[in-house]
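Asks: First, the structure itself, so that you have it in front of you.
The values are calculated or read from the model by the stated rules, or taken from the named source; none is laboratory data. Remember, it's a predicted structure, so these values are computed and weren't measured experimentally. Glycine also receives a Cβ, built like all others from the backbone with ideal geometry; neighbour counts cover every protein chain displayed.
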């Protein structure tokens, strides 16, 4: 189960993802992504796990300019630009 919270500020939107991001949650997250027009900050402090396709979606969002904050070290390693590693396991 995942909870996605959006806090809109003047020039950016902070998207907080809490819980385990499963494949079933990706449609909702993709919808959030499509509706935001400001700069985006991804706050993953409460994320406890992420499916492989979720890692791809978040990585693509970061390539489009989203800033990553408060991610666990392993998740940060998977998401930061330049990391081509992919795993079939959930983090």
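Asks: For residues that are closer than 16 Å to residue 16 by Cβ and loosely packed, with under 14 Cβ neighbours inside 10 Å, scanning just the range 32-69, find the one that is modelled with the lowest pLDDT.
Replies: Across the range 32-69, the extreme among qualifying residues is 38.
Asks: So is residue 1 touching a strand residue (DSSP E or B) at 6+ places or on another chain (Cβ under 6 Å) and modelled with pLDDT of 90 or more or not?
Replies: no
Asks: How do the pairs read when you match residues in the range 59-82 that are without any contact (Cβ under 8 Å) to a residue 12 or more places away in the chain and at negative phi with residues anywhere that are surrounded by 11 or more Cβ atoms within 10 Å (Cβ to Cβ) and part of a strand (DSSP E or B), using Cβ under 9 Å and keeping only pairs 6 or more apart or on different chains?
Replies: Partner pairs satisfying both residue conditions: 64/40; 76/68.
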